[in-house]
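All of the numbers you see were taken from the coordinates with simple rules; none came from a lab. Fair warning: this is a prediction, and the values are worked out from it, not measured in the lab. Neighbour counts run over all protein chains shown; Cβ positions are idealised from the backbone, glycine included.
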């Protein structure tokens, strides 16, 4: 079994949200996609961004827990906020009929979001 | 704008083409020959451009010994590039001495360890502290479990590929975009025999995949930053 050439190994990310947004809007303008499709596509882009930020912030919070720079109240407040955000994201995904795979961003050299 | 592909040990004659079929030339400083192409604007990062970048390095490496440079965003002009290179000449010469004339192979596990995005269940003592803390503790437990799994796969990879070590000049263990990887630096003239040995080894173990030969990026952490075009 053989691997593909090292595009990921070359420091180039496949993230192109701007390009994806342009394609989506153009598809809506040309009538190639219905307004519902465009709406769902936009929701996927926005939720993907929120998911990336949530993931990064959670990791930072866990690092700070490990380093002992958060007290018990701060840990509880942060955890509750992330938990609520996670639940809200799940609701929004259900509303727009999106799955985790729809938000599974390819971060190039960093791998996939999940 | 100058796009940098590699650092060479000798000047490159005419005839090579790079990204968007642009002519590839060399810019010399301190005995090092930077392999470059000129563009009106910085080359936009894309999978296609990255593949052309790698293909150009591979083609150039057939003509002169080079150390590859990862895809960057361009240098403003020859003077700016020379300034960057001159600031690190001893390190760059050392690097060329180590990797020029070599290729890289990578073996990785075909099973990708993925962190479970759901928080792991935590014990009643932590859960009693509050839902917020229990959530973060659960996320930490998921991350630690994924890290343990990566380490286990890495250890197995090192053990399984042990027979290849003596046929490589150097090895490098890393966590790539698809999980743990073991990279092998191999002399270009030994690449064919290494391929045979690696395929024989990997062929008996369905849990591994092999990549390469390609430019030895993993062994060439250049001290020259990819200049960000302004």
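List of remarks:
- Between residue B:129 and residue B:155, the simple label model (points 7 Å from Cα in the Cβ direction) yields a spacing of 2.8 nm.
- Between helix B:89-99 and chain B: long-axis angle, C-alpha atoms, 0 to 90°, nearest 10: 70 degrees
- Label-point gap, in nm, between residue A:99 and residue B:199 - each point 7 angstrom along Cα→Cβ: 3.6 nm
- Rounded to 10°, Cα long-axis angle of helix B:191-203 versus longest principal axis of chain B: 20 degrees
- Binning the alpha carbon pair distances of chain B at 10 angstrom intervals from zero yields the distribution 8, 27, 26, 20, 13, 6, 1, 0, expressed in whole percent.
- Helix B:131-160 vs. chain B, principal-axis angle (Cα, 0 to 90°, nearest 10): 60 degrees
- Cα-based Rg of the range B:146-226 normalised by 2.2 N^0.38 Å, two decimals: 1.14
- log₁₀ of I(q)/I(0) at q = 0.12, 0.23, 0.24 Å⁻¹ - the range B:9-90, Debye sum with one point per alpha carbon: -0.33, -1.26, -1.36
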